[in-house]
Every structure is written in structure tokens, then in C-alpha cells.
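Here is the structure we will look at.
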Amino acid sequence: MALTKIEFAVQMTCDSCERDVRNSLDNVDGVKNIEIDLKSGSVVVDTTLSADEVFKKLEQSGKKVVLKGYGNLSGVVILDTGKKSVKGVVRFVQQTPNICIIDGTVDGLNPGKHQISVHECGDLSEGCSSVGSYFNPYTNGSRSVYGNIGCVNAESNGRAAFRIDDNVIKLSEIIGRSFVISDEKNNRLACGIIARSAGLFQNPKKICACDGISLWDEKSQPKPSL
């Protein structure tokens with residue numbers, strides 16, 4: 001897998017905090033380099049792991065953690081349309097001209113295999129039924145259908161956490177289109193529109209301008225029910 005940089009904000013106040021954070025990632029397979037800035041609360045990791053895997057390791061330090069940036073050219077989709085019990089976040093990082101990293105975590109699934117795909121329309125007016133067919137702008141020798149990415153596996157707890165280094169998808173071609181996760185019978189369970197997101201060092205947010213809540217308070221705010 002391609003090595004990429006992921007930036008996290010970690011709530012640190014002292015040298016001891018910094019040591020705890022570093023210890024949480026030291027000697028972890030797939031983590032190649034760790035840069036910690038105590039003053040800014042920034043932790044940048046070079047890794048072949050998914051964002052979810054690194055996030056969990058950082059949380060073992062006992063500190064609050066928020067993902068802030070991923071790669072240089074990035075996109076994100078929030079899976080919040082479709083079956084109410086299925087929710088997730090999937091990120092796309094154009095790591096090289098020929099590799100797009102697809103890194104996601106989806107909860108509320110039945111255990112087993114699920115299909116992930118990019119569809120031609122960014123239209124959720126009728127839920128996941130209005131996103132159109134697989135996005136397939138041209139025939140590619142390495143995959144018969146451009147948007148048909150493949151399968152991911154949900155564990156017994158209903159979570160599918162995955163990282164795929166895809167050599168077909170180009171982020172610039174899928175912004176504004178839809179991402180769908182389906183069951184083995186091709187029933188569309190959840191979907192969302194792919195949007196441009198913050199890359200590495202592009203998210204300086206400390207306080208939310210809309211409500212004045214700090215980054216850390218915002219993380220612990222209860223989410224509205226759907």
C-alpha cells in the first residue's frame with residue numbers, strides 16, 4: 001500500500017502528554033514516521049494504515065483525538081441517506097496520479113460482504129434510488145466498470161473499516177457524484193455525495209464559527225437524532 005500522511009488534532013497540554021501520544025504509535029506496524037507539535041496539538045503520521053486504525057491507536061493515549069487532514073488532494077462522503085441504522089464516513093485521497101486511497105468506516109451493517117461503488121448522479125432527492133447507475137465514463141482495462149470498486153467486509157459488530165488503494169478512480173472525476181454501500185443482493189443501504197475536503201494542513205479550525213464551540217467541546221456534543 002502507498003504511504004500517506006494523515007493529520008490529527010490531539011488534546012495535549014504537557015511533555016507527558018506528548019510522550020503518551022508517541023508511545024501509542026511507536027512500534028506499530030504500518031506507521032513509518034510520527035511528527036508531534038505540542039504547541040499546536042498537531043500529530044502527523046506517515047502510514048499505510050487506515051485513518052480509523054491510527055485514530056484508535058491515538059485514543060489509547062487517553063487524549064481526545066480529531067482527524068483534521070488527509071493527503072494533499074482529498075474528498076469525503078458522509079453516508080447519512082438511506083437505511084437509518086447505517087452511517088459512515090469515507091475519504092478519498094489522490095495520493096499519486098494513479099492511486100486514489102479510499103478509506104472508510106461504516107457502522108450498522110449486517111456481518112459479511114458489502115459492495116461499495118461510485119454512481120453517476122449527486123442527486124439524493126429520492127434517497128439512494130436517485131443516484132443513477134455506476135459511474136462509468138470510459139472502459140478501463142483494469143476494471144470493467146469504473147465505479148464498481150469492490151467488496152468490503154463488516155465484522156460481527158456491524159462495522160466495516162477499510163482502506164483500498166485504487167488504481168482506477170480519479171478524485172477529480174468523482175467530486176459531486178454519489179458513493180453507495182449495498183448488500184450482497186445489491187440493495188442500496190446508504191449513500192452520500194462526494195465533496196472536496198481538507199487536505200493536510202488545510203484545516204486550521206480551533207473554534208466553530210457558527211456556534212462558538214471549541215474543537216474538543218464540539219467532538220463531545222450529542223448528535224441530533226435522525
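The values are calculated or read from the model by the stated rules, or taken from the named source; none is laboratory data. On a predicted model such as this, the values are computed, not experimentally measured, just so you know. Cβ coordinates were reconstructed from backbone atoms using ideal geometry, including for glycine residues, and neighbour counts include every protein chain displayed.
Just name the residue that is modelled with the lowest pLDDT out of those in the stretch 1-44 that are part of a loop (DSSP other than H, G, I, E, B) and among the charged types (D, E, K, R). Let's see the steps before the verdict.
Going residue by residue through the stretch 1-44, those that are part of a loop (DSSP other than H, G, I, E, B) are 1-3, 11-14, 26-30, 38-41.
This time we only want the ones that are among the charged types (D, E, K, R), so: 26, 29, 39.
Values: D26: 93, D29: 94, K39: 90.
Across the stretch 1-44, the extreme among qualifying residues is K39.
Got at least one residue in the stretch 206-225 being among the acidic types (D, E), at pLDDT below 50 and surrounded by 12 or more Cβ atoms within 10 Å (Cβ to Cβ)? Among the residues of the stretch 206-225, at least one is among the acidic types (D, E), at pLDDT below 50 and surrounded by 12 or more Cβ atoms within 10 Å (Cβ to Cβ), which makes the answer yes.
The residues of the stretch 79-89 that are part of a strand (DSSP E or B), at pLDDT 95 or above and of a type in the set (V, I, T) amount to a single one, T81. Checked against (1) surrounded by 14 or more Cβ atoms within 10 Å (Cβ to Cβ); (2) modelled with pLDDT under 95, V152 meets all criteria but (2).
When residues in the stretch 35-58 are screened for being more than 11 Å from I6 (Cβ to Cβ) and of a type in the set (A, V, I, L, M, F, W, C), 2 of them pass. Within the stretch 9-25, residues that are assigned by TED's automatic domain parsing to the domain that holds L58 sit with their Cβ atoms under 6 Å from residues that are buried (at least 22 other Cβ atoms within 10 Å of the Cβ) and in a loop (DSSP other than H, G, I, E, B), at 6+ positions apart or across chains, in these pairs: A9/G41; V10/G41; M12/G41; E18/M12.
Would you say K87 is basic (K, R), in contact (Cβ under 8 Å) with a residue 40 or more places away in the chain and either under 26 Å from A195 (Cα atoms) or outside the structural domain of V152 (by TED's automatic domain parsing) (or both)?
Details: basic (K, R): yes; in contact (Cβ under 8 Å) with a residue 40 or more places away in the chain: yes; either under 26 Å from A195 (Cα atoms) or outside the structural domain of V152 (by TED's automatic domain parsing) (or both): yes.
In short, yes.
Within the stretch 18-63, the set of residues being more than 17 Å from the chain's Cα centre (by Cα) and among the hydroxyl-bearing types (S, T, Y) comprises S24, S40, S42, S61. If you go through the stretch 98-122 and pick out every residue that is within 17 Å of the chain's Cα centre (by Cα), of a type in the set (G, A, S) and at pLDDT 95 or above, you end up with 2.
Looking at the stretch 45-58, which of its residues are touching a residue at least 24 places away in the same chain (Cβ under 8 Å), part of a helix (DSSP H, G or I) and not aliphatic (A, V, I, L, M)? The answer is D52, E53, F55, K57.
Of everything in the stretch 168-200 that is among the hydroxyl-bearing types (S, T, Y) and assigned to a strand (DSSP E or B), the residue that is nearest to the chain's Cα centre (by Cα) is S197.
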